[in-house]
Amino acid sequence: MLDATVFGEFVSAIMMNKLSFFLIMIAAQLLGCKTSESTLSVQNVRNYDPNAANQILFLDFKIIKRDGKTETVELVNAVSGSGKLKNMAAPVHSPYQISVIQRYSISHMEIPMIFEHPLYKSVEVASQDGKLSKQDLHAKEGILSVRIQKDIGLEKIELRSLTPEKGDVKIYTLNLK
């Protein structure tokens, strides 16, 4: 038989844990810590051929900087094509980057693909005297285009923003079904 005092303390501890969890979740929402997430049904992607041996997904993500600090992401276009993806990645030297990680339900190497952050571009600008110099451009929105090989077990695609100010922050998850 359980003592009423012990039971009361047990219930109080559970309620405090639930209250703490609830307060943490509210704080995360207010601080903009929640990453956006959506689901893409691969069978509904334009040009997807379920009988093809190799499929490439061409994904376009719109990245928007809200209130000067929070980055939101939205999948704006998805197209599929038959074929095998070639590694044509160019090195990214900018400290502002987007890391795209493919997550698998089975054992598979998860190697991040690194892209220049579309909100922080470095461009060459010509001056009046014809000299070229690099200039940083900061935009409020931009498009990130990604090519991904559709492999067995590919479960989700995660986007992470890497900046000197904030470090490595997960900003979006695209679940695949």
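At a glance:
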quantity: Calculated from backbone phi, Karplus (6.51, -1.76, 1.60) coupling profile of region 122-132 in Hz, x at Gly/Pro; calculated: 10, 10, 8, 10, 8, 8, 4, 8, x, 7, 8
quantity: Per DSSP, loop GluC sites (Glu not before Pro) in region 68-117 with at most 12 further Cβ within 10 Å; calculated: 110
quantity: Of 65/86; 121/170; 65/150, those spanning more than 24 Å from alpha-carbon to alpha-carbon; calculated: 65/86; 65/150
quantity: Separation between Cα centres of region 97-135 and region 67-88, rounded to whole Å; calculated: 13
quantity: Förster radius 25 Å - calculated FRET efficiency between residue 84 and residue 143 (Cβ-Cβ, nearest 0.05); calculated: 0.50
quantity: Solvent exposure of region 54-116 as accessible area per residue, Å², 1.4 Å probe; calculated: 59
quantity: Net charge over other residues, Cβ less than 14 angstrom from the Cβ of residue 148 (K, R count +1; D, E count -1); calculated: +1
quantity: Partner aspartates and glutamates for residue 62 [C-alpha distance under 15 Å; skip if fewer than 8 residues away on the same chain]; calculated: 37, 71, 74, 116, 141, 158
quantity: Residue-count net charge about residue 99 - beta-carbon cut-off 12 Å; Lys, Arg +1, Asp, Glu -1; calculated: -2
quantity: Region 33-176, accessible surface, carbon-and-sulfur percent (1.4 angstrom probe); calculated: 51
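The values are calculated or read from the model by the stated rules, or taken from the named source; none is laboratory data. Quick caveat, the model's predicted, so the values are computed rather than measured. Here the Cβ is made from the backbone with ideal geometry for all residues, glycine too, and neighbour counts use every protein chain on show. Quick note on the areas: whole protein, heavy atoms, side chains included, nothing else; ligands and nucleic acids left out. Shrake-Rupley method; radii C 1.70, N 1.55, O 1.52, S 1.80 Å.
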